[in-house]
Structures are given as structure tokens and as C-alpha cells.
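The values are calculated or read from the model by the stated rules, or taken from the named source; none is laboratory data. All figures in this text were calculated on a predicted structure; none of them were measured in a lab. Positions of Cβ are generated from backbone atoms using ideal geometry, with glycine treated the same way; all protein chains shown enter the neighbour counts. For the accessible areas, the whole protein counts, side chains as well, though only heavy atoms, and no ligand, DNA or RNA atoms are used. Shrake-Rupley method; radii C 1.70, N 1.55, O 1.52, S 1.80 Å.
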Amino acid sequence: MSGTTSTNEENKPPLNGRRAIPPNYSNDEENEVPEMEAFGLIPRGFNPRDYLRVVDIYMFKEPHEINKQEHHTDKYYNPRLIVRRGQAFQIQIDFNRPYKPETDQFWLEFLMGRYPQQNKGTYIPITVGNVLKPGQWGAKIIHRENNSIRLSIMSSTTCIIGKFRLYVAVLTPFGILRTRRNSATDTYILFNPWCQLDAVYLDDEKERQEYVLNDVGIVFHGSVEDVKSRSWSYGQFEENVLDACLFLMDKAELELSGRGNPIKICRVASAVINSRDDDGVIAGSWNNSYDSGVAPSAWTGSVDILLEYYSSKQPVRYGQCWVFAGVFNTFLRCLGIPARLITNYSSAHDNNANLRLDFFLDDEGKVDTKLTKDSVWNYHCWNEAWMTRPDLPVGFGGWQVVDGTPQETSDGMYRCGPASVQAIKHGHVCFQFDAPFVYAEVNGDIFYTRMEKNGTQVVENIDTTRIGQLIVTKEVGGDGMMDITEDYKFREGSDEERLALETAVMYGVKKQSIQDTTYQPQTDVDMDFQAQKVVLGNDFKVTITFRNKSRNSYTATTYFSGNIVFYTGVTKSEFKKHSFSAKLEPSSSSSFDIVIKSSEYMSDLLEQASFHFFVTARINETGKILAVQKAIMLEIPALRIKTRGELVAGKEASVIVEFTNPLKQTLENITLRLEGPGVLRTIKKQFGRIPMNSTLTWEVKFIPMRPGLRKLIASLNSDALRHVYGELNVQIQKP
């Protein structure tokens, strides 16, 4: 056999010495199931038609029928049966004659993948019994009429998530007769947050409606001083999205037998959502140039991204943190894992899980951007998924942080989580996965460190409150913001917070201790910094205020630096420098204004339109340094959306999107996107230019598909201006 192989051999996957069958990674692949499985030689007179034979199987799979209604799956645009595990569903089997329980014997078979095995949960034979046990596979007859029987089938609460093939097998004296392969009877089984025995059980119906069934959400962005929000279309029920989500698990090579476990699914998904090291869904780009792709700010939802990836199998360009989190949220909700999108304001970055971010100052007290490698993101988005954690001690189930944005490697891949929020709050960062990293993202301290000429570092100031000072998500049942900072940390300065920190340090979070001798801050002078609301293209002013609480007169040499930054806190350019000497009278406050003209910042503006200001002041009499930094967002004008005519499901209507160019320049290369889950698929339109002060109007005709309250979401993207959004709630009437 040395030089030749038969074609039959070539088609077999390579075996290895450890397993008798190849790994079973694909939900799509199938094996051939024989329609007649003979027990031995078949006698000449045998005619299968003499025995009980299945004529038809009815799945009750329409959105208005019992299964999809009771299993909360009626919103999926998918013609197949979709049910949730651990809950009974019904099918009807029509035979060629009445079924006789005394003599006839039949059973059901659910199969998944190419190598179905009973011990792996990929081959599930179900015999008909008299009683259904909660949480275990079983079937019982609930109705018999003429040649038909109706079955109630219970699935296991630990069953694999995915698409099963269904066969009905009938026993005859000479062999097993099976139904033919019929894709119309394929059955999707999903997680079940309504079932108490499921690992993702959530006990509050309002929360289930929000975290599983809501197909639009809100992304909070901007900065802690200036919170902004925009809508995102998750679209987990749209056509082909469920298949695309199952494909992600195939792509991540998660064994089929592991797909009943939400911990495993979250861990592999956090790696496959980004394209680093596994050609996953989204390629990240943070450099403000998005040639041959879509700017992250232009996406209005997850559906286009998932469907493009499902068809091309190539990473979709481009994403930033909220895009990774939006797509991850769609994936989780689609499979039935309760999930929400989180924003952490002033998020510590590249932190190697140490709790210190160093900002280096030069001799004069100005921030040295060349030496400073750490950055504080204005905001960072991740997800929380709800599940039990049987792999951890009691008390660490519930919300788990998962993050698909590629930041640091974990076990050799770019992924993060699931990490228990409760463990992060209490400093128990020894529990898997990646808890020290998340703890540092929300708990770091900023050290302002001066480099002496001889290379020693002198800590001049420590800001313990800036990092992770606000953590939010969308409220349940509304578009408002819910502050969940207290889920992640105790109140700053409380005894519990100290204890949590000591616990985290004990479990290996690195914290540099400061010898009291080297760091003695100036405690009798406070410095603060305020900025007016800033409208894009206008001048604005910032105010620096000192409060001298002592009986001494001081003078403060003050440096002000205004930078245009990526939302990741990385500086693109410094557009404003200003220094002055401030006289601080005893027991009084003094304020100093600095005016910033639009001409100073417009040319270098980046898409997230955010400024980062550093103010450092040296008290000349004591040599001590005060430092403060803030991120300011520009007010970007919104798109206006309105509808014309009445909105009735199945009838044509039109929507109008308008935008007025506020800049003192012409906008070029404009792309508009419009979408609304259950209302219309994403539509794109290019425009060449909009002169200053001109208004662009775009009218789209569409036929809304579903009655109910829905949302339209639009974005505008151009060379000079990005992150322009608009949205409109619309009530679609029944026909």
C-alpha cells in the first residue's frame, strides 16, 4: 500500500492514536442513516409495507403554533422547529394504519454531526413511555386519532445546543425501518432561561424579555463627564442569524459534546468574535483609516456583520469595542443565554493585571507623551452573560464578564472571560477566567511620576478614583441608563473596598507599594477643571479652579495641554498648549479661563471627536504637583428620521432621513445606512458631497414585516465626520 491509496481511503479523515473517531466539530456535517437496518438475512417474502410505516410528521413549527409560542421562539425568521431545552414540545406522526401499542414498536432518534454517539449526546434515541420526567429526554402519547398520534417530547436540561436531525424508527422482526432524511423536520434546541434546571435560568420575566428577547439595545459611549448613547440593532431573530451563530461554534472548533455548557461556549466565542489568531468574525482597527472596509462607527447593528462572515468565512472589516460587544450580544441572545452590553468609563488598558498606570512628567511637570505607554480608554464595552458557575465555589454564578475585543492573550489566544462579576467585586480574582485583567480595568490607579535626571522616579501624584468610576448598561424595559458600578466595586474608600483590594493582591494582582517617605501629596490645595458643552465647529472655553484651604499664600505654575485622542486614550496630536502662573490667596478659590478656537482643533479631528486635557500645576513654595485629566466629547449633530403615511404590517410606507452639515467645510464621500429589526433590512446609500449649511434628504420605501413597537436606526459616515446617528421609535399597526 506504500505508493497508492484507494479513493475510499482518501475521503476518510486521518485517524490518530488517541481516538477511534475523528473530532466532531461541525453541526453542519451529516452521516448517512440507513432506511433499512437488517438484523440478518431478509426472507424472500418480506415486504416493509406490511408493517407500521410513517407517512408524515407534523412539527407544529409555525410562529403562531403551540411550540414556538410556548418556547418564546416565535420571533425567529426560520421555517424549522426551534425549541428550548428542558421544556416539552409536541409533534404529530401519521402512520399508514392505526398504531397498536400492544404489538407495534417505534422510537425517535435525534442526531447531530457526522459521528453521532449516544455517550456524547449527539445520538439521542427516545422511546415512548407513560410519564415525562422533568429535565430528561422522554416522549409520551397525548392524543390518538385514526392513523395519527400526537407526542409530547421532553428534552434534557443539559442537552447540546444546535440543530438536530430527526428520524422515526419502527421495529420489524427482520430489521429497523427508518424514515427518510427530511430537513423539514430538523429541530433547533436552544438554552432555556425560563427553565429552573437550565444553567442559564433567570427568574425575572422582565429581565428575560430584555436580556433574551429584545433585539435592539443601547450602546453608551462618550466619556464619564459627557455620557452619550446610540442604538444598536442586535437582530438575533433575523433570517440566517441563528445558523450564522451555530457556524461560529464550528469555526471555533468547539466539540459538539461541549455545546451544552454556557461557560465553554462563552470562552470560545470571546476568541472567535475577533479575527486575531483564528480568522474570527471582526477585524479590529483603531488607526482612523478604514480603507477596503467599513468604519466601525458606520455599523448600525450586528446582522450585516454576522451574515457577511457566514457567507464569506473571512473577517469583516472593521470593528472597535462596541462592535465586538454588539455582535457578541447578538450571539449570546440568539442561543438563549441572557446577555447585556456594558460600558466601563475610564477603562485602564494594557495593564498586565497590575493596578498602576504610569503617566510620566518632565522636569517642568508637563506630561511626557513619549515615555507614557499606558492609556486610559474614555470608555470600553464588554458583555455580561448570565449563568451558573458549577466550576467555582457557591456564590459566583450570575453575571459573568465576557469580552470579544482583542486586548491581551489568555491561555495563548485573544479572549477574555467568563469572569464572575461577584468575584471581581470581592477581589477573589483567583477564579477562572481572566478575573485579574478585568479587576485592573475597573480598579487601577493613575500614578503621575517624574523622571529625575539620574533616572530615579518620583511619584508626584496618585489619582485613585478616575479608573472605572462609572460602569453602566441599558435599563430593563427602557432606553435609559442603569448604573451598575456597585456590582463591580465597593464605594471608594470604604473598608470593604480596602479588603477587596487586599484580597486581590493576595491572589496575585500586582500592586506597587509606595513608601510613605517618597510620596507626600499637597493636601491643602485642590485643583479642578470644567469645560463648556462643546458643539462641533464652535469655539469653547475651559475653566481651571484652585481652592486654597490653607492660611498660606501660594503661587502655582500651571501647564494646560489639549490633545485630540482616539477613544482608547492614545494621543494623535496636541493642539493647544498654555502655561500661566496662578496666585492662590489663603482660604479662597480662584478660577482661570482658557479659550479654545475651532480653528485650533478642526483640522486634526478624529472620528470620535474627543479631546483629552491634562492640567498639571506645581506649587512653587512646596515643589508639590497637582494633576488632573479629563476627556471632553464634542456634541455631534444628529440625523433626523421621520416616516410618511401610516405604518401597517405588509403595506408599503416611506421613511425620510435628513442631515444638515454643521461644519465650515464640505463633507465628502458620505455613506448613509438605515436598518430596523423586524421592519427593514439594512439599506446603504452613497452621496458625493454636502456643502456647508446644506441639508441632505434621503427617502426610502419599505414594507414593515411585523406589527408592534419597533426602532429605526440610521448612521452617517464621511471623511471628515463620523459617529453621526439618528433613531426613531415606530408603532406598526396590524393589517
Exercise for the section: Would you confirm whether any residue within region 252-270 is within 20 Å of residue 217 (Cβ to Cβ) and in contact with an Asp or Glu (Cβ under 7 Å, 6 or more places away or on another chain)? Expected result: yes
Practice task
Among the residues of region 218-257, count how many are on the phi < 0 side of the Ramachandran plot, open to solvent by less than 10 Å² (accessible area, probe 1.4 Å) and part of a loop (DSSP other than H, G, I, E, B).
Solution key: 3
Problem - Of all residues in region 265-309 being β-branched (Val, Ile, Thr) and open to solvent by 10 Å² or more (accessible area, probe 1.4 Å), the one that is nearest to residue 214 (Cα to Cα) - result: 268
Problem - Residue count, region 699-735 (criterion: closer than 15 Å to residue 685 by Cα and small (Gly, Ala, Ser)) - result: 3
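Scanning region 81-99 for residues that are in a loop (DSSP other than H, G, I, E, B) and within 23 Å of residue 208 (Cβ to Cβ), which turns out nearest to the chain's Cα centre (by Cα)?
Of all residues in region 81-99, those in a loop (DSSP other than H, G, I, E, B) come to 85-88, 96-99.
Add one more test, that the residue is within 23 Å of residue 208 (Cβ to Cβ), and what stays is 85-88.
Working: 85: 23, 86: 26, 87: 27, 88: 30 Å.
The qualifying residue nearest to the chain's Cα centre (by Cα) is 85.
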Practice task
Mind listing whichever residues of region 449-485 are in contact (Cβ under 8 Å) with a residue 60 or more places away in the chain, under 21 Å from residue 381 (Cα atoms) and not polar (S, T, N, Q)?
Solution key: 466, 467, 468, 470, 471, 472, 474, 476, 477, 479, 481, 484
Problem - Failed criterion for residue 733 (all others in (1) of a type in the set (S, T, N, Q); (2) within 29 Å of the chain's Cα centre (by Cα); (3) surrounded by fewer than 16 Cβ atoms within 10 Å (Cβ to Cβ) hold) - result: (2)
Exercise for the section: Scan 398, 417 and give me the residue that is free of Cβ contacts under 8 Å to residues at least 40 places away in the same chain, out of contact with any His (no Cβ under 9 Å at 6 or more places or on another chain) and on the phi > 0 side of the Ramachandran plot. Expected result: 398
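Which strands (runs of 3 or more DSSP E) sit wholly inside region 495-604 and have at least 1 residues that are surrounded by fewer than 12 Cβ atoms within 10 Å (Cβ to Cβ)? Lay out the reasoning, then the answer.
Working: elements: 525-531, 540-548, 554-565, 571-584, 588-596.
Of the strands (runs of 3 or more DSSP E) lying wholly inside region 495-604, those with at least 1 residues that are surrounded by fewer than 12 Cβ atoms within 10 Å (Cβ to Cβ) span 571-584, 588-596.
Would you list the strands (runs of 3 or more DSSP E) that sit entirely within region 161-217 and hold 2 or more residues that are open to solvent by less than 10 Å² (accessible area, probe 1.4 Å)?
Details: elements: 162-172, 175-178, 187-190.
Hits in region 161-217: 162-172, 187-190.
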Problem - Condition check for residue 260: open to solvent by less than 20 Å² (accessible area, probe 1.4 Å), under 25 Å from residue 682 (Cα atoms) and assigned to a loop (DSSP other than H, G, I, E, B) - result: no
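Please indicate, with yes or no, whether at least one residue in region 660-670 is over 18 Å from residue 706 (Cβ atoms) and among the hydroxyl-bearing types (Ser, Thr, Tyr). Spell out how you get there, then give the answer.
Going residue by residue through region 660-670, those that are over 18 Å from residue 706 (Cβ atoms) are 660-670.
Of the ones still in play, those that are also among the hydroxyl-bearing types (Ser, Thr, Tyr) are 660, 666.
Looking through region 660-670, at least one residue is over 18 Å from residue 706 (Cβ atoms) and among the hydroxyl-bearing types (Ser, Thr, Tyr).
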Problem - Qualifying residues in region 110-127 (those that are in contact with a Phe, Trp or Tyr (Cβ under 7 Å, 6 or more places away or on another chain) and without any contact (Cβ under 8 Å) to a residue 60 or more places away in the chain) - the one nearest to residue 256 (Cα to Cα) - result: 124
Completion exercise
Note on region 60-71: residues in contact with a helix residue (DSSP H, G or I) (Cβ under 7 Å, 6 or more places away or on another chain) and surrounded by 21 or more Cβ atoms within 10 Å (Cβ to Cβ) are 61
